[in-house]
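Every number here is computed from the coordinates shown, using simple stated rules; none is lab data. Keep in mind it's a predicted model, so treat the numbers as computed, not measured. Ideal geometry is used to build each Cβ from the backbone, glycine not excepted, and the neighbour counts take in all protein chains shown.
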Amino acid sequence: MTRILLVDDDIASCRTLQLHLSGLGHEVSMAHSVDEGLQLLESFKPGLVVLDIRMPGKSGLQGLPEFKSALPEVRIIMITAFHDMESTIEAMQKGADDYIHKPIDIDEFDDAVEKLLSHGEGELVETDSQSLSSLTMVGNSRAMKEIFKTIGLVAKSPATVLITGESGTGKELVARAIHRSGENPDGPFVVVNCAAIVETLLESDMFGHEKGAFTGAVAKQAGKFKLAENGTIFLDEVGELSPVMQAKLLRVIQHKEFTPLGAKESKITNARIIAATNVNLAQQVSHGAFREDLFYRLQVVNIHLPPLRERKEDIMGLVQALLARINGELNRKVVRITSDALRCLQDYHWPGNVRELENALMKAVALCPTDTLSCDLLPMEITGVSLEEVESQPVVSRPVSLQAMEKAHVKQVLEMVDWHKGRACEILEISRPRLRRMIQQYELQPPPGFVADKDNGD
Ligand SMILES: Nc1ncnc2c1ncn2[C@@H]1O[C@H](COP(=O)(O)OP(=O)(O)OP(=O)(O)O)[C@@H](O)[C@H]1O
Ligand SMILES: [Mg+2]
């Protein structure tokens with residue numbers, strides 16, 4: 001199974017653990033000081049080191065970084081009879097994977113070992129093979145490949161592009177990709193949020209104003225169309241434009257000219273126009289809320305980003321790319337993901353699309369104590385969905401009894417922690433006997449193939 005090195009000056013406790021671990025099929029070596037342990041590290045190459053803190057000579061805490069640097073892949077569980085918050089925090093910061101108190105509760109110990117060893121088997125996602133800039137778009141679904149082609153085709157042409165898709169699907173990223181592949185990649189890329197501000201301010205934001213054009217216009221100011229000269233102007237949420245602004249925008253597109261607020265003369269623009277919206281503009285047109293002529297002018301080319309749930313083939317690649325990006329930002333090296341966690345990510349319906357995936361991974365990496373991202377680090381709504389599917393009756397969509405909620409919730413939590421009852425009790429904040437009663441009462445079953453001795457003797 002795994003080679004485990006026990007480093008503890010307490011020979012009796014070492015022997016007990018050795019017997020127990022070899023009984024489980026592991027190959028075990030012992031050392032009674034940090035230096036002895038470090039010597040063994042070379043030849044024995046353990047997958048896991050169990051390291052006592054209080055030892056004569058170097059303490060386990062002092063030794064911890066040396067073990068890590070000598071064998072970076074090694075997992076380390078710290079053990080100590082003295083529990084104080086500081087040494088726990090220090091141990092975790094120095095790279096320990098877990099921390100257990102003496103006298104050792106063998107169930108707790110087994111769970112910790114198993115968790116670490118199964119983590120090691122997590123799927124390795126190649127996150128640091130290339131350092132991805134935040135502008136790199138990934139996607140190997142058919143839809144995304146088509147989109148990349150379209151970007152290539154339209155980038156060099158001055159055609160106006162309308163990018164549509166739900167929130168968080170990557171509309172701005174597509175706009176930036178078009179800009180960077182265009183005639184003027186080094187020119188400005190200027191964003192206008194058409195939904196953010198009131199009409200006069202939006203008008204002055206886009207077209208600029210002369211001094212005194214309105215109360216508060218203390219100085220002449222250039223608008224975004226001016227700032228985007230020789231570059232691209234990105235009109236985000238263009239569906240939110242008022243009828244007046246729609247008319248003004250139409251004029252810019254038709255005649256390439258605009259008039260700053262309070263100015264007598266109009267100005268010429270050569271900015272490339274890209275617009276985006278997450279509302280259905282065609283529908284707005286049919287309701288009379290959006291000008292048809294403007295609609296056709298904007299969508300000379302339409303790029304539609306399908307929601308993430310319709311291109312699940314992209315999820316794996318996105319996880320890799322986003323993890324690489326996040327590792328860089330947070331200065332972490334989370335390069336693995338357990339198959340359970342990956343399955344959760346694959347199964348979820350992602351109403352917030354790629355942005356939601358990015359946020360979930362960001363939180364998970366921030367909380368991840370090891371190099372492996374596991375299910376328990378993902379937000380509840382993501383890990384909970386598999387339950388909805390199992391029960392095929394989303395708890396939120398119809399009123400149910402308190403008991404049904406309780407049953408569903410306990411089941412969900414047990415599944416989240418792989419039926420680790422101790423952890424389930426912690427999350428549910430209930431006692432073991434109470435959990436046991438609930439499991440009986442609700443006839444909850446561990447998944448087939450569940451190994452009984454992992455079951456904490458319950
Ligand atoms: N294909 C992709 N590859 C890599 N990252 C992506 C991809 N699609 C989206 N992202 C990332 O997801 C986040 C959201 O993307 P973006 O801001 O472009 O979405 P949006 O469609 O403009 O959203 P909204 O409608 O909410 O403004 C960004 O951090 C972006 O980098
Ligand atoms: Mg956006």
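Note on the range 257-309 and the range 55-120: Cα centroid distance 59 Å, given to the nearest whole angstrom. With the highest mean first, a sort of the peptides 245-251, 28-34 on other beta-carbon atoms found within 10 angstrom per residue produces 28-34, 245-251. What the phi angles of the range 24-37 give under the Karplus curve with 6.51, -1.76 and 1.60, with θ = phi - 60°, is a coupling list of 7, x, 8, 9, 10, 10, 10, 9, 10, 8, 4, 5, 4, x Hz, glycine and proline written as x.
Packing, as the average of other Cβ atoms within 10 Å across residues, places the peptides 254-264, 413-423 in the order 413-423, 254-264, highest first. Based on C-alpha pairs under 8 angstrom that are at least 6 apart in sequence, the range 142-305 has a relative contact order of 33 percent. Here the Karplus curve 6.51 cos²θ - 1.76 cosθ + 1.60, taken at θ = phi - 60°, turns the phi angles of the range 336-345 into couplings of 10, 9, 5, 5, 4, 5, 5, 5, 4, 5 Hz, with x standing for Gly and Pro.
Can you find, among Ala228, Leu428, Asn327, the residue farthest towards the positive end of the dipole of the chain? Put +1 on the C-beta of Lys and Arg, -1 on that of Asp and Glu. Sorting the options by dipole projection puts first Ala228. Normalised by the number of residues in the range 3-121, the mean separation of alpha-carbon contacts (under 8 Å, six or more apart) gives a relative contact order of 21 percent.
Under 20 Å of direct C-alpha separation, and excluding same-chain neighbours fewer than eight residues apart, Lys220 reaches these aspartates and glutamates: Glu199, Glu203, Asp205, Glu210, Glu229, Glu257, Glu265.
The slack between Lys45 and Ala196, meaning 0.36 nm per residue of separation minus the straight C-alpha distance, is 48.5 nm. Amide H to amide H distances under 5 Å link Gly223 with Gly208, His209, where only residues 5 or more positions off or on other chains count and H is placed in the peptide plane.
On the beta carbon distance between Glu73 and Asp347, with R0 = 25 Å, the FRET formula returns roughly 0.25. With 0.36 nm allotted per residue and the present C-alpha distance subtracted, the Tyr296-Asn230 stretch has 21.4 nm of extension available.
Using a 10 Å cut-off on Cβ atoms, rank the peptides 286-293, 312-319 from the highest mean neighbour count down.
Ranking, from highest mean packing down: 312-319, 286-293.
Among Ile382, Ile268, the order by Cβ neighbours within 10 angstrom, fewest to most, reads Ile268, Ile382.
Among Met405, Met438, sorting on how many other beta-carbon atoms sit within 10 Å of each Cβ, with the fewest leading, yields Met405, Met438. Between the listed residues Leu250, His101, Ile315, the Cα displaced farthest toward the positive end of the dipole of the chain, a dipole computed from Cβ unit charges relative to the Cα centre, is found at Leu250. Rg and Dmax, both from the Cα atoms of the chain and both in Å, are 29.4, 93. Per-residue Karplus couplings for the range 241-249, computed as 6.51 cos²θ - 1.76 cosθ + 1.60 with θ equal to phi - 60°, are listed in order as 5, 6, x, 4, 5, 4, 4, 5, 5 Hz, Gly and Pro entered as x. Relative contact order of the chain, taken over Cα pairs closer than 8 Å and 6 or more residues apart, is 13 percent. Size of the range 142-305: Rg and Dmax of its alpha carbons, in Å, are 15.6, 53. Between Ala159 and Gln62, residue separation times 0.36 nm minus the direct Cα-Cα distance comes to 28.6 nm. Against the chain, whose longest principal axis is taken from its Cα atoms, helix 353-367 shows a tilt of about 40°.
Under 5 Å from the amide H of Arg54 lie the amide H atoms of Gly60, Ala81, each residue being 5 or more positions distant or on a separate chain, with H modelled from the backbone and absent for Pro and chain starts.
Projecting the Cα atoms of Val413, Thr215, Gln445 onto the dipole axis of the chain, where Lys and Arg carry +1 and Asp and Glu carry -1 at the beta carbon, places Thr215 farthest toward the positive end.
Which shape class applies to the range 3-121: rounded if a/c is under 1.5, otherwise prolate when a/b exceeds b/c and oblate if not, where a ≥ b ≥ c are the square roots of the Cα gyration tensor eigenvalues? Rounded is the answer for the range 3-121, as its axis ratio a/c remains below 1.5.
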